[in-house]
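Below you'll find the structure, written out as structure tokens, and then a few comments.
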Amino acid sequence: MSIYDIEVRLDDGTKYSLDRYKEKVMLIVNTATKCGFSPQFDELEALYKKYKKDGFVVLGFPSNQFHQEVASAEEAAANCRLTYGVTFPMHEVVNVNGKDAHPVFQYVTSHSKGFLGKSVKWNFTKFLVNQNGEIVQRFGSKDKPYSFEREILKYL
């Protein structure tokens, strides 16, 4: 199984497979609009706009597992769009840990190491995926997107 075999659902309910992003560099992020790290949306959006023509995409996955997200995917995405001007794809609200973790997070956590193990410790954990579908870097909540722009560029 590869990351491209995983199906996800956008905030509007549209279902698709991550094979849509074959040969692109993906940054998969668990988000939360009520989190103290939510200002990172600004940098995520700026990087997305700057490099999307080069094959870079940010994929936002709201999660309420840390009790800092609004009730629905539509509300979360609307908040991201209105407050932070987000245009990158936002998805349904998912679990990122445990037996009910969404398959995308089961995959990225099982193929990367975190500071304190494999689980997602907090909102705005970020997973960089190269054009071959390999998880090449994991960034914690405190890692601001501009701080690893060079890492993104290595794979574009």
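Values in this text are rule-based calculations from the coordinates and carry no lab data. Note that the coordinates shown come from a computational prediction; the quantities given were computed from them, not determined experimentally. All Cβ positions, even for glycine, are placed from backbone atoms using ideal geometry, and neighbour counts span all protein chains on display.
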Going by C-beta contacts inside 10 Å, put M1, M90 in order with the fewest on the left. M1, M90
Give the span of region 1-62's Cα atoms along each principal axis, as three whole-Å numbers ordered largest to smallest. 34, 26, 21
Roughly what would the spin-label model give for D42 and K118, points 7 Å off Cα along C-beta, in nm? 3.7
Just subtract the alpha-carbon distance of K49 and Q131 from 0.36 nm times their residue separation and send over the number in nm, one decimal. 27.7 nm
